[in-house]
Every structure is written in structure tokens, then in C-alpha cells.
Amino acid sequence: MEFLKELGLWKHQEECLLRIAKLLKKGTKYFGIFFEQGTGKTLTTICIIWIIWRMARRPVDTIIVCPLIVVKNWEKELHKFAPESVSNRVQVLTGTKKQ
């Protein structure tokens, strides 16, 4: 988890990642992150995606569903914080609610 050390995570983010890593090792497939607004949910989720990919030893299909207003932020944050093995595989899909 070398790249995680360089991100300057807050303590609650580090604790969350440790807990989720333990859950993943036990085979847990579902969990939630319930941080307040502005407390690092996006970065924490990027780290979780990377951890899952590392544990699987390959890229794992990942879909992030979010309001249209934050799509650009997700794309920017992925390219800023994720290792290239993750950020190079990002494909942003947008459309109307009907699509």
C-alpha cells in the first residue's frame, strides 16, 4: 500500500481503510462509508478500489454511481490520487436519467 502513505490521509480515513481491508480479507462484499460532507469519502473510496484491485491481483470492474454534478470531480480526483493502474482505466459515462 505504498501509494497510500503519500496521500496524507486523515486519521479517520486510515482507520476506515484498515477496517475495510480486514472485512475484505474475511470475504465481506458489502459495506458503507458514512462520513460527513467534506471529510474525504471520494479519496477513501479511491483507496478502497485500489486495495480491492491489489487483493484480486488484477483490475476489477468498478462502477461509481453519483449525481451528475460530481462526475467531473470524481474524474479529477481519480486522476489526481489513484495509481496509474487505476486512473488509466477510467471511463466516464454520462447521459440523461432515461439513458
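Things worth noting here:
- Helix-only arithmetic for the chain: the sum of -39500 (n - 2.57) across DSSP H runs with n ≥ 4, divided by the residue total, places the mean residue ellipticity at 222 nm at -15000 deg cm²/dmol.
- Within the chain, longest stretch free of exposed chymotrypsin sites (Phe, Trp or Tyr not before Pro) [DSSP loop, at most 12 other beta carbons within 10 Å]: 35-99
- Cα→Cβ-extended label distance, 7 Å offset, between residue 58 and residue 14, nm: 3.4 nm
- Rounded accessible area per residue of the chain, 1.4 Å, Å²: 80 Å²
- Inverse of mean 1/r across different Cα pairs in segment 20-99, Kirkwood, Å: 13.9 Å
- Loop-located GluC sites (Glu not before Pro) in segment 1-90 (DSSP state other than H, G, I, E, B) with a sparse environment of at most 12 neighbouring Cβ atoms within 10 Å: 6, 36.
- Given the chain, longest segment not containing exposed loop trypsin sites (Lys or Arg not before Pro) (DSSP; at most 13 other Cβ within 10 Å): 58-88
- Accessible carbon and sulfur surface of the chain relative to its total accessible area, %, 1.4 Å: 54 percent
- Angle in degrees between helix 41-56 and the longest Cα principal axis of the chain, rounded to the nearest 10: 70 degrees
- Distance in nm between pseudo-label sites at residue 91 and residue 26 (7 Å out along the Cβ direction from Cα): 3.5 nm
The values are calculated or read from the model by the stated rules, or taken from the named source; none is laboratory data. Computed from a predicted model, the values in this text were never measured in an experiment. A quick note on method: Cβ atoms are made from the backbone with ideal geometry, for glycine too, and the neighbour counts reach across all protein chains shown. All accessible areas refer to the heavy atoms of the entire protein, side chains included, with ligands and DNA or RNA removed. Shrake-Rupley method; radii C 1.70, N 1.55, O 1.52, S 1.80 Å.
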